[in-house]
Amino acid sequence: MSLVNSGTVPGPNDADAGFVVGFDLDMTLIDGRVGIARAFRALSAETGVFVDADLVVSRLGPPLEQELAEWFPREDIPAVAKRYREFYGELAITSTVALPGAHEALAAVRRHGGRSIVVTAKNQPQARLHIDHLALEVDEVVGGLWSDGKAAALREHGASVYVGDHLGDVRGARAADAVSVAVATGPISAADLAAAGADAVLADLTAFPAWLDTYRKATTG
């Protein structure tokens with residue numbers, strides 16, 4: 001159900017026969033906290049640098065390098081990020097699960113004749129591994145983008161809606177002049193997502209198909 005709905009705001013491409021919906025990945029479509037924690041613990045054990053993996057997974061959203069900067073010297077981050085991604089590939093792909101409603105949300109976009117793209121801060125190859133492993137039917141994957149930086153990809157692909165769980169996702173949608181749909185499945189509360197300017201806040205993606213039905217009816221007649 002919708003926790004907060006400040007009104008349906010038409011996007012620039014809703015008059016088209018087809019339309020594009022963008023989705024964030026971590027804590028929007030997938031829950032990778034178990035695997036991420038395992039990868040950080042393995043990295044910590046190998047480097048001898050303490051990393052609080054439980055704290056890390058409580059604040060997912062920003063790019064990996066930003067999190068690593070909380071624990072490692074700046075000059076070490078490129079090498080540490082590379083090693084983390086090696087651990088991640090070994091430990092995180094198969095332990096990650098789709099969040100409730102993820103497959104149904106993507107199916108709802110297709111039912112309305114639309115295309116789904118993923119725009120995420122995660123690196124593109126590993127984002128694609130998750131999508132393939134979980135059989136998430138998306139048309140395009142763009143990785144390595146965060147917050148306002150997501151706007152360029154959303155504009156390039158003509159996305160009129162962007163769905164995410166973080167304040168950075170709200171900022172990205174607003175910067176792209178897309179409707180911001182926020183899901184309260186990540187580290188940010190529904191109230192804070194609404195206060196940041198999300199056009200609609202849903203408890204999780206199970207509410208998205210009904211929201212999309214209403215949105216499309218309002219914007220296409």
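Of Ala42, Ala159, Ala102, which is the most mobile in a GNM of the chain whose springs link Cα atoms less than 10 angstrom apart?
Sorting by GNM fluctuation, first place goes to Ala42.
Determine by what factor the alpha-carbon radius of gyration of region 34-89 differs from 2.2 N^0.38 Å, reporting the quotient.
Details: Rg = 10.0 Å, N = 56, 2.2 N^0.38 = 10.2 Å.
So the Cα radius of gyration is 0.98 times the expected 2.2 N^0.38 Å.
Determine the sum of side-chain charges near Gly35: Lys and Arg each +1, Asp and Glu each -1, restricted to other residues whose C-beta is under 11 angstrom from that of Gly35. The partial results should precede the final answer.
Details: positive: Arg33, Arg38, Arg41; negative: Asp26, Asp31, Glu90.
Result for the local shell: 0.
Identify which of Thr120, Thr206, Thr47 has the largest mean-square fluctuation in a Gaussian network model of the chain, with springs joining Cα atoms closer than 10 Å.
Of Thr120, Thr206, Thr47, the most mobile in the Gaussian network model is Thr47.
Measuring from label point to label point, each 7 Å out along Cα→Cβ, what is the Thr206 to Arg110 span in nm?
2.2 nm
Tell me the volume per residue, in Å³, of the convex hull enclosing the alpha carbons of region 71-178.
Per residue, the Cα convex hull of region 71-178 comes to 119 Å³.
Subtracting the Cα-Cα distance from 0.36 nm times the residue separation, let me have the gained length for Glu75 to Gln124 in nm, one decimal.
The span from Glu75 to Gln124 would gain 15.3 nm if fully extended.
Under a GNM of the chain (C-alpha, springs under 10 Å), which listed residue has the highest mean-square fluctuation: Val179, Val201, Val56?
So, out of Val179, Val201, Val56, the one fluctuating most is Val56.
At 222 nm, what value in deg cm²/dmol follows for the chain if DSSP H runs of at least 4 each add -39500 (n - 2.57) and the sum is divided by all its residues, to the nearest 500? Don't jump to the answer; show the numbers that get you there.
Details: 10 runs with 95 residues, N = 221.
It comes out at -12500 deg cm²/dmol, rounded to the nearest 500.
Looking at the chain, do any whole DSSP H helices span at least 15 angstrom along their long axis by alpha carbon and average 0.0 or above on Kyte-Doolittle, and which? Write down the numbers at each step before the final one.
Working: long enough: 33-47 (21 Å, 0.24); 77-91 (20 Å, -0.37); 208-220 (17 Å, -0.58).
Membrane-span-like by this criterion, though nothing is claimed about a membrane: 33-47.
Please report the antiparallel percentage of the DSSP beta bridges confined to the chain, to the nearest 5.
Bridges in the chain that DSSP calls antiparallel: roughly 20 percent.
With Cβ to Cβ distances under 13 Å as the rule, what net charge do the other residues near Phe50 carry (K, R +1; D, E -1)?
-3
Classify region 168-210 as rounded, prolate or oblate from the Cα gyration tensor: take a ≥ b ≥ c as the square roots of its eigenvalues, call it rounded if a/c is under 1.5, otherwise prolate when a/b beats b/c and oblate if not.
Judged from the Cα gyration tensor, region 168-210 comes out oblate (a/c at least 1.5, b/c at or above a/b).
Mind checking which lysines have their Cα closer than 26 Å to the Cα of Lys150? Skip sequence neighbours fewer than 8 apart in that chain.
The qualifying lysines are Lys82, Lys122.
Where a number appears in this text, it was derived from the coordinates with a stated rule and is not lab data. It should be emphasised that the depicted structure is a prediction, and the values quoted were computed from it without experimental measurement. Positions of Cβ are generated from backbone atoms using ideal geometry, with glycine treated the same way; all protein chains shown enter the neighbour counts.
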